[in-house]
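Enquirer: There's a structure below that I have some questions on.
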Amino acid sequence: MTERVIYELGRPGRSACFLPDPDVPRAQLPAEWVRGDDLLLPEVSEVDLTRHYVRLSQLNYGVDLGFYPLGSCTMKYNPKVNEDACRLPGFANTHPYQPEETVQGNLQLMYELQTYLQALSGFAAVSLQPAAGAHGEFTGILIMRAYHLSRGDTKRTRVLIPDSAHGTNPASTTMSGFEMVQLKSDERGNVDLDDLRAHLDDRVVGMMLTNPNTLGLFDEHVQEIARLVHEAGGLMYGDGANFNAMMGIAKPAELGFDVMHFNLHKTFSTPHGGGGPGSGPVGVTEELAAFLPGPIVERIFDEELCECQEDEEHCAGCYYYALACPEESIGRLKAFYGNFGVMVRAYTYIRMLGAAGLREASENAVLNANYLQVRLKGTYPLSHDRVCMHEFVLEGRLPDAPGVRALDISKRLMDYGMHPPTNYFPLIVPEALMIEPTETESKETLDAFVDAMLRIAEEARTRPELLHEAPHKAPVGRMDEVRAARQPRLRWTPPQT
Ligand SMILES: *Cc1c(COP(=O)(O)O)cnc(C)c1O
């Protein structure tokens, strides 16, 4: 007999559900299949259950609750129409094993999403397979590898990555069996061109560049960098997590990138955090299209279906959609079609805004970041004093409050009801506070954030203990971060009687 579990809210015999009597004859199961003990479930009433989950939901902070300037993560507001669209029964109830002819609408949506991402980026082809940005990076590196091998070029083993890069860049490089070589940044936050030149030779697979980079700065030499890398026989990988600064303004393919991932769950307004699901489609130039992971959706003109007698270009309804795998594909990276629900949300977002709206979103993202940068740089040291893109990095240390660190400032912001910025990243800025307001915030919200940051700077001088002990109002106070990392308790364990 298993020991009885006591859930602190439960009492034996309480229940939140009433099961009807079975309307089919009871089956006679073999004795060894029949459960001998009760399941160890909490026994609670409906009102206890409702209150439990509502209370839990209120312990959480999210973008639907307040400002969320978590740099590099693009925590923009996700319009609810995206949710409505992906819950339409025709989308939500399809099964991945259904025959293609029964899911033509889904395939059309995927095809059109591929086309929109191509139009925005300038790439010749897109695969929607990868499930996240990091997964897209891994895909991209495998594509670069396949390209070199297809040309009989087997010496290339090194991937160049600037020191401002996101940690996933070295991780995906290492996972694919290549060696990563770190490049220095120069004083203006660009890739150091001399350091780049010193590392270019026939061992270079390619370079991974985030542009704008994680300092929020557009690399002023991006075209020169691409030219140098190509001259050495390497390829240019674009980490497109920062695409929110560029939509409708610049196309990565035209800047010299050969392959890039998009983060649909950042730029294209689908929820993220807590580990997914995400979507990290990969775009490539014509030259690399044959290596993309499948399946990719193709639109096929069918003359026999065609009743309007128009030619292929002008015919509206004489197509069908089919899944195909490119000839020299690196293979599959994800079961079935990728994360379809995320694609529906991103598609809805793109169709709601249109081309002009997407451009405006990027312009406002950049404007909002620059507004905050200008208002805060007199108080907090700014890592690089130049016009930023969609994010910027402050140093969370104040000349006249030496004991205060970025972590203290971030924790104190929680008491003002705001999510902290990204802390201690990028690694090349001491006490980094990376701030990305996104385009969806009003001037009033931005001003409230500035007010909070200025008051915190004042508190740091006058009452630093307020910051060291923050957060004071959050459901969980200041954590012992070392213990949390070394001895994590990841689930609630019931007391046993
Ligand atoms: C978020 C991010 C990634 C990784 O994307 P995931 O979808 O979280 O895997 C890579 N690079 C940069 C710059 C990012 O901000």
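Enquirer: Can you pull out the trypsin sites (Lys or Arg not before Pro) in segment 22-104 that DSSP calls coil and that have at most 10 other Cβ atoms within 10 Å?
Expert: Qualifying residues, ordered by number: Arg26, Arg35.
Enquirer: Sticking with this one: Once you sort the root eigenvalues of the Cα gyration tensor of segment 80-350 as a ≥ b ≥ c, which label holds: rounded (a/c under 1.5), prolate (a/b larger than b/c) or oblate (the other case)?
Expert: Note, shape of segment 80-350 comes out prolate.
Enquirer: Right, another one. Using DSSP to define loop residues, name the chymotrypsin sites (Phe, Trp or Tyr not before Pro) in segment 44-147 whose beta-carbon has at most 11 other beta-carbon atoms within 10 Å.
Expert: Tyr97
Enquirer: Further, regarding this structure: List the GluC sites (Glu not before Pro) within segment 206-238 that fall in a DSSP loop (any state other than H, G, I, E or B) and whose Cβ has at most 15 other Cβ atoms within 10 Å.
Expert: The qualifying sites are Glu220.
Enquirer: Using all alpha carbons of segment 120-245, what is the percent of pairwise distances in each 5 Å bin, ordered from the shortest bin to the longest?
Expert: Spelled out per bin, shortest first, that is 2, 11, 22, 25, 21, 14, 4, 1.
Enquirer: Given R₀ = 45 Å, what would the calculated FRET efficiency be for Leu466 paired with Ala119, taking r from the Cβ atoms and rounding to 0.05?
Expert: After rounding to 0.05, the efficiency reads 0.35.
Enquirer: Express the relative contact order of segment 3-59 as a whole percentage, based on alpha carbon pairs under 8 Å and six or more residues apart in sequence.
Expert: It comes to 56 percent, rounded to a whole number.
Enquirer: Test of understanding: what is the full-extension gain from Ala356 to Glu307, defined as 0.36 nm times their sequence separation minus their Cα-Cα distance?
Expert: Extra length available between Ala356 and Glu307 comes to 14.2 nm.
Enquirer: Treat each spin label as a single point 7 Å out from the Cα along the C-beta direction, and report the Glu395 to Ala324 distance in nm.
Expert: It is 5.5 nm.
Enquirer: Rounded to the nearest whole Å³, what is the per residue volume of the convex hull around the Cα atoms of the chain?
Expert: 226
Enquirer: Length gain on complete extension for the stretch Ala27 to Lys184, per 0.36 nm per residue less the alpha carbon to alpha carbon distance?
Expert: Once the chain is fully extended between Ala27 and Lys184, it gains 49.4 nm.
Enquirer: Over 22 Å between Cα atoms: which of Lys76/Lys443; Lys377/Lys443; Lys266/Lys473; Lys411/Lys473; Lys80/Lys266 fall into that group?
Expert: Going by Cα-Cα distance, Lys266/Lys473 fall outside the 22 Å limit.
Enquirer: Where Rh is the Kirkwood radius over the Cα pairs of segment 3-59, the temperature 20 °C and the viscosity 1.002 mPa s, what D in µm²/s does Stokes-Einstein return?
Expert: Calculated translational D: 151 µm²/s.
Enquirer: Give the relative contact order (percent, whole number) for the chain; include only Cα pairs under 8 Å separated by 6+ residues.
Expert: This gives 19 percent for the chain.
Enquirer: Sticking with this structure for a sec: Using the basic label-point model (7 angstrom from Cα toward the beta carbon), what is the His230 to Tyr53 distance in nanometres?
Expert: That separation, rounded to one decimal, is 5.4 nm.
Enquirer: So what is the relative contact order for segment 80-350, in percent, with contacts set as C-alpha pairs under 8 Å and at least six apart?
Expert: Once divided by the residue count of segment 80-350, the mean separation gives 27 percent.
Enquirer: Follow-up. Ignoring solvent entirely, what values of log10 I(q)/I(0) come out of the Debye formula for segment 356-485 at 0.18 Å⁻¹ when each Cα is a single scatterer?
Expert: Evaluating at q = 0.18 Å⁻¹ gives log10 I(q)/I(0) of -0.99.
Enquirer: Where a Cα-Cα gap under 17 Å defines reach, which aspartates and glutamates qualify for Lys155, not counting those fewer than 8 residues away within the same chain?
Expert: Glu179, Asp201, Asp202, Glu231
Enquirer: Something else about it: Given the C-alpha centroids of segment 188-204 and segment 392-415, what is the distance between them in whole angstrom?
Expert: For segment 188-204 versus segment 392-415, the Cα centre distance is 33 Å.
A short reminder: the numbers here are calculations on the coordinates, not readings from a lab. All values reported here derive from a predicted model rather than from experimental measurement. Using ideal geometry, Cβ is built from the backbone for each residue, glycine included, and neighbour counts are taken over all protein chains shown.
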